[in-house]
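Okay, so here's the structure we're looking at.
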Amino acid sequence: MRLITHNMLQCHVKGCNANNFPLELQEVVLEQEEAELNEDFLRNMLGKIEYEALVATCLKLDINDLPAAMPADAAYNDEFLQILHRVILETHIKSGKMVCPNCQHIYAIRDGIPNMLLAEHEV
Amino acid sequence: MSHKNPLHIPSPFQANEPDMTPEQKEQQYVHSVYQVIAPHFSATRYKPWPVVEEFLTTMPAGYIGADVGCGNGKYIGVNPNLFMVGSDRSSNLISICGERGHEAMVADGLALPYRSGFFDFAISIAVIHHFISPERRVAAIEEILRVVRVQGRVLIFVWALEQTGKRDFDKDVQDVFVPWAMPKKAEPKKEKSAKSRPQGVKKKDRKAVEAAAAASSSSSATEDQTLDQKEVISENMEKLTLQDTTTTTTNESSSSSATASTSMSDPTSSETADPAAPAAPVYNRYYHLFQKGELEELVSRTNKATIVQQGYDRDNWWCIVEKAQN
Ligand SMILES: [Zn+2]
């Protein structure tokens, strides 16, 4: 699972509607994997990313490359797009867990795949 | 002369069957089946359907999409200029996506784990017909619309009741079991049976059907059986032809059906003496076959989208819907 995907996930336990994002990453194993940079995609993502959450998540993982605030010229700032690409598309979470900050539900990640299924009573 | 097993059992999934919840039915007749047949299913699913391919290749570069019920992920890499995230209920199918390097997760279509309005588009290919009730089908469409942004487009494909392809459906019955025949270790020794002819429940059959459902629900495939199955599959991959398995039985079709659900059965054992030639197990999946206009009606019930385009292709009804301003 790439870090970009973590940024789109929220807890979906029934009734858990507030403070359910971002899921807190714990005990994660990371892996870097090169990918082709796609400027169209990165620019499109600028309006979708919860940037603060991304930066906070990265800091907990000791990834300190992103500026605290998104640059005003982000869409045409090659250096920033480069860093963003490396962080959100080339950084994979191979294993670990994601914990809901609100209800504490734990979602496991194994072999790079998050299991987001809930028990029947949680849906 | 032995009775030809039509490779199907009629549907026990009617409102008057009180002993299983919709969740339990989908678990047994959809999720469990896909878990077991995943490798074989995946080996038969590689060619993108043209309508889906066109939908994906005409998306603007850089768009991000959700493939809800992505199976083995055959559509995720169709357009390399898009970023697509796949989800499926079956962890075995999602593992295949993972091995292919796709971004994928195990998730329930009725409870997607994504932020609302995140995706530029979504696809739901051959998924909605696996939900047991109209309410659940509408809920599944609503959940996809939730995660798509306003004006985002969703392509939906569902199996058609009116299909004229290789399966000869009873046009009066929409809720059916469709068998999935696993490959055999050895070639069948007997002549091929008539084509599979799925059909649904007729009133006179219901009693037998309920007995069959009761019998089948008491057993399920174990992990070990699943592993064995995978080995059989890998050895026979080249020989596979879908729905082309000899299945004759001396029993009533309904009683043979009792063993032909999510548990593995041996439809040819009554006549196959050679123990070194295991028979092809048959798994029955639940489908709701859509009538013309029915998909559009479900979409309009959500009150959250407009229909942009619709059509019929390869035994399926499809439509492209656009999320409305709210
Ligand atoms: Zn929660």
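With runs of 4+ DSSP H residues as the only contributors, calculate the mean residue ellipticity of chain A at 222 nm using -39,500 (n - 2.57) per run, divided by the residue total and rounded to the nearest 500.
Roughly -8000 deg cm²/dmol at 222 nm, from the helical runs in chain A.
What pairs from A:Lys14/B:Lys304; A:Lys94/B:Lys47; A:Lys97/B:Lys47; A:Lys14/B:Lys74; A:Lys14/B:Lys25; B:Lys171/B:Lys323 go past 25 Å between their alpha carbons?
A:Lys94/B:Lys47; A:Lys97/B:Lys47; A:Lys14/B:Lys74; B:Lys171/B:Lys323
Any number yet on Rg/Rh for chain A, C-alpha, Kirkwood? Intermediate values should be presented prior to the final figure.
On the way: Rg = 14.9 Å, Rh = 15.1 Å.
Expressed as Rg/Rh, it is 0.98.
For a quick check: sort B:Thr306, A:Thr91 by the number of other beta carbons within 10 angstrom, fewest at the front.
Numbers: B:Thr306 10, A:Thr91 20.
So the residues, fewest neighbours to most, are B:Thr306, A:Thr91.
To make sure I understand, if each residue's beta carbon is the centre and we count other beta carbons within 10 Å, what order do B:Ile144, A:Ile113, B:Ile123 fall in, fewest to most?
With the fewest neighbours first, B:Ile144, A:Ile113, B:Ile123 line up as A:Ile113, B:Ile123, B:Ile144.
A:Ala108 to B:Gln291: FRET efficiency via 1/(1 + (r/R0)^6), r the Cβ-Cβ distance, R0 45 Å, to the nearest 0.05?
Numbers: r = 41 Å, r/R0 = 0.91.
For A:Ala108 and B:Gln291, the calculated efficiency is 0.65.
Can you put B:Val150, B:Val30 in order of Cβ neighbours within 10 angstrom, beginning with the fewest?
Going from least to most buried by this count: B:Val150, B:Val30.
Rounded, prolate or oblate: which one fits segment A:65-114, using the alpha carbon gyration tensor with axes a ≥ b ≥ c (rounded when a/c is under 1.5, else prolate when a/b beats b/c, else oblate)?
Taking the square roots of the gyration eigenvalues as a ≥ b ≥ c, segment A:65-114 is oblate.
Report ³J(HN,Hα) in whole Hz for each residue of segment B:74-84, in order, from the Karplus equation J = 6.51 cos²θ - 1.76 cosθ + 1.60 where θ = phi - 60°; Gly and Pro get x.
So the Karplus estimates, Gly and Pro as x, are 5, 9, 5, x, 4, 10, x, 8, 10, 10, 10 Hz.
None of the figures in this text is laboratory data; all of them are computed from the coordinates on show. From a predicted model like this one, the values you see are computed outputs, not experimental measurements. Don't worry about glycine lacking a Cβ; one is built from the backbone with ideal geometry, like all the others, and counts go over all protein chains shown.
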